[in-house]
Amino acid sequence: MKNILAVLMILSIVLFTGCTSEKKEEKSVLKVGMELAYPPFEMSDKDGKPTGVSVDLAYALGKYLGKEVVIENIAWDGLIPSLKTKKIDLIISSMTITQERRKSIEFSAPYAQSSLAILANKNSNITSIKDLNQEGKTVAVKKGSTGHIYARNHLSNANVLVFDKENMSVLEVVQGKADAFIYDQLTIYKNWSKHQETTVALLESFQEDFEHWGMALRHGEPNLKKDVDDFIKKAKSDGTFDTLSYKYLQDARKTFDALNVPFFF
């Protein structure tokens, strides 16, 4: 009987230790969700590995928290559901802070600012947002983006085409099937630089206020939010964001400065 009891005690200790180790292992990993389809912020290199501004930022956050970062590549529409169902711990995917999104998730302090801009076809004669809100004009937007929301709320006279992917929206403009594509300034600049023969970039903001990007968290996790906010504050003061902008966005920064348009970071 004593031998049986001893064996049972040993098994209990082993099982308890195993469970504890698994919990520690889970806590030491930070699963960060992002859609790797938005260069230079979220993308994959030639070997398929995650890279970009947000990826470097996620790894820097992991180092600050003392956690191993695992990047989960998730389609845009699946990011918030994945966060809410605890498949990931955090979203860092160039996500704009909006009141609508705040209803279901929490946001960190803002780490970047941006505004909507216009990529117009050269033959469309579009010079401002007012030119788009007319019958006969066609606007391409990415589903669920703030450009989509803006078009729905402010461009009632235009024909709005909704696409799942950014590159599909851009292609519509390049081919002249849409007069313009509305998205954030850096994306517009990036796509104009690739298609200068067929497009025009209107980078000056037409919104009253800047949009701000934040890292998305679940409601009810104040400790993680505080840690993330503290990291963002530190990264702004220690040159982390400047380093990232010069690493990935040097040409864009020069253009924005020349146009006297406030830069992203």
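Numbers for the structure displayed
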item: Selection within the stretch 76-90 - surrounded by 14 or more Cβ atoms within 10 Å (Cβ to Cβ) and at pLDDT below 95; result: Trp76
item: Residues (farther than 21 Å from Glu100 by Cα and either acidic (Asp, Glu) or not in a strand (DSSP E or B) (or both)) located in the stretch 135-170; result: Glu135, Gly136, Lys137, Asn157, Ala158, Lys165, Glu166, Asn167, Met168, Ser169, Val170
item: Output for the stretch 18-44, where each listed residue is open to solvent by 70 Å² or more (accessible area, probe 1.4 Å) and either small (Gly, Ala, Ser) or at pLDDT below 90 (or both); result: Cys19, Glu22, Lys23, Lys24, Glu25, Glu26, Lys27
item: Single unsatisfied condition, Ser94 versus (1) open to solvent by less than 50 Å² (accessible area, probe 1.4 Å); (2) at pLDDT 95 or above; result: (2)
item: Wholly enclosed helices (runs of 4 or more DSSP H) of the stretch 204-265 bearing at least 1 residues in contact with a Gly (Cβ under 9 Å, 6 or more places away or on another chain) and either touching a residue at least 40 places away in the same chain (Cβ under 8 Å) or open to solvent by 20 Å² or more (accessible area, probe 1.4 Å) (or both); result: 222-237, 240-248
item: The stretch 156-203, subset over 23 Å from Leu259 (Cα atoms) and of a type in the set (Ser, Thr, Tyr), residue least open to solvent (accessible area, probe 1.4 Å); result: Ser169
item: Any hit, the stretch 114-122, residues being open to solvent by 10 Å² or more (accessible area, probe 1.4 Å) and either without any contact (Cβ under 8 Å) to a residue 12 or more places away in the chain or within 25 Å of Gln196 (Cβ to Cβ) (or both); result: yes
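The values are calculated or read from the model by the stated rules, or taken from the named source; none is laboratory data. Worth saying up front: this structure is predicted, and the values here are computed from it rather than measured. Neighbour counts are summed over all protein chains in view; Cβ atoms, including those assigned to glycine, are modelled from backbone coordinates with ideal geometry. We work out accessible area using only protein heavy atoms, side chains counted, and drop any ligands, DNA or RNA first. Shrake-Rupley method; radii C 1.70, N 1.55, O 1.52, S 1.80 Å.
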